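Since the structure comes first, as structure tokens, the remarks are kept for the end.
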Amino acid sequence: MNYETIIRENQQWIDEIWDKLDEKLSYTALRSYDKIPYTTCEGIHDSCTEGEKITWWTNGFWGGLMWLMYAGTGKECYKATAQKAEETMDEAFKYMNDLHHDVGFMWHIMSGASYQLTGDEKSMNRNLLAAQILMGRYNIDGDFLVAWNGADKAGWTIIDTMMNLPLLYWASRETGDGRFEKIAKRHADMAMYGHVRADGSVAHIVSHYTDKPEVIETLAGQGYGVGSSWSRGVSWAVYGFVLSYIHTGEEKYLETAKKVAHYFIANTATTKWLPLVDFRAPKEPICYDSTAGAITACGLIEIAKYVPENEKAFYLSAAIDMLRTLERMWCNWEKSEDSILQNGTERYGSRPMPIIYGDYYFAEAILKLKGSEFLPW
Ligand code: GLY
């Protein structure tokens, strides 16, 4: 079956889910107008707007989700809430010591999206500032972007950074300064050998020497332990590497995205498309992470666009199977409650909860299936 046939066969479901997203989010956009939500408390969005919470790494997803919905509907309520979130986030630039590699998650899908959709110069300025912060994290001798702050973590990289690299690719295009892209590619090359294992699984944290380009060891991160396989880390790699391919045209990144995708698909197919938090954890307790499914689905849909005709069905069908399962099992369409995708998990051992990026990636995946060309990354 080809790409178009698969879309056609699922069109009714895709349209139905998009309408449900719009119906619920046009309501939530008003109710959470001045919030920057992370999760919910008794069904209602919390807000990360106070004090240092403003630097929380997920704070771009709410504005980003609003821009996605604006891109798909053109409704003013989404634009207004997105712009409010973006202005609120200006406060975060006052806490430079707390900002880290996640400035891509925090600004690129919000200010970058705003600039792409509206041409707002203030948004461009914010995004460029974020790109400069990210570029400033490059370790010249070690040849990587340092993830977090603190002398004890000066040599640490994490797979999540792959999702922040599109900010650098964008900055090179925007400014004509090739250094942003060069650094992004150097980091992606490091992640290909440092984080991605031969079987397509991924190490969350890698510790490097800071004075030479050499890995010391891999460390346990948000998964079960050293050598295990945190599913959201695998998702960051699937989507992150295909994005590096889209922005650079370098085949090695597409091949890496495919390899990691095969690993994710093989593992989730054995649990009926519900991603475990860690693919290499003890059998009990069983713990899932819906966000890993939504992120990976976005990556798979992008991979399907770039592989040869006879490979497309494999990636697209897996993405749709995952999304249909997430929707059937864990989507909450109740308008009196603010979150949509339930059963996200922050890290191995933490309680299941709705997390804002679950809603973001689920909506992004459905928007892609609707045929939108809008790529916020
Ligand atoms: N980037 C941190 C996480 O995925 O939880």
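Quick look at the values:
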read-out: Lone unmet requirement of (1) among the charged types (D, E, K, R); (2) surrounded by fewer than 23 Cβ atoms within 10 Å (Cβ to Cβ); (3) within 27 Å of Cys298 (Cα to Cα); (4) out of contact with any Lys or Arg (no Cβ under 9 Å at 6 or more places or on another chain) for Asp102; value: (2)
read-out: Some residue of the stretch 159-169 being out of contact with any Phe, Trp or Tyr (no Cβ under 6 Å at 6 or more places or on another chain) and either outside any helix (DSSP H, G or I) or of a type in the set (Phe, Trp, Tyr) (or both); value: yes
read-out: Residue in the stretch 213-224 that is within 16 Å of the ligand (Cβ to nearest atom), crowded, with 20+ Cβ neighbours inside 10 Å and assigned to a helix (DSSP H, G or I) present; value: no
read-out: Criterion: buried (at least 24 other Cβ atoms within 10 Å of the Cβ), closer than 30 Å to Pro282 by Cβ, in contact (Cβ under 8 Å) with a residue 24 or more places away in the chain and β-branched (Val, Ile, Thr) - qualifying residue of Val196, Val202; value: Val202
read-out: In the stretch 47-78, the residues that are assigned to a helix (DSSP H, G or I) and of a type in the set (Ser, Thr, Tyr); value: Thr55, Tyr70, Thr73, Tyr78
read-out: Residues (within 22 Å of Trp18 (Cβ to Cβ) and without any contact (Cβ under 8 Å) to a residue 40 or more places away in the chain) located in the stretch 74-117; value: Gly74, Glu76, Lys79, Ala82
read-out: Residue in the stretch 166-183 that is of a type in the set (D, E, K, R), surrounded by fewer than 23 Cβ atoms within 10 Å (Cβ to Cβ) and within 15 Å of the ligand (Cβ to nearest atom) present; value: no
read-out: Unique residue being part of a helix (DSSP H, G or I) and touching a Lys or Arg at 6+ places or on another chain (Cβ under 7 Å) when the list is Ile303, Ile246, Ile320; value: Ile303
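Residues are listed down the side, and each one gets a yes or a no for (1) of a type in the set (Gly, Ala, Ser); (2) part of a loop (DSSP other than H, G, I, E, B); (3) more than 15 Å from the ligand (Cβ to nearest atom); (4) crowded, with 19+ Cβ neighbours inside 10 Å:
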residue: Ala281; (1), (2), (3), (4): yes, yes, yes, yes
residue: Glu311; (1), (2), (3), (4): no, no, yes, no
residue: Leu316; (1), (2), (3), (4): no, no, yes, yes
residue: Glu337; (1), (2), (3), (4): no, yes, yes, no
residue: Asp359; (1), (2), (3), (4): no, no, no, yes
residue: Leu367; (1), (2), (3), (4): no, no, yes, yes
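Every number in this text was worked out from the coordinates using simple rules, so none of it is lab data. It should be emphasised that the depicted structure is a prediction, and the values quoted were computed from it without experimental measurement. Counting neighbours? That spans all protein chains shown, and the Cβs are built from the backbone with ideal geometry, glycine included.
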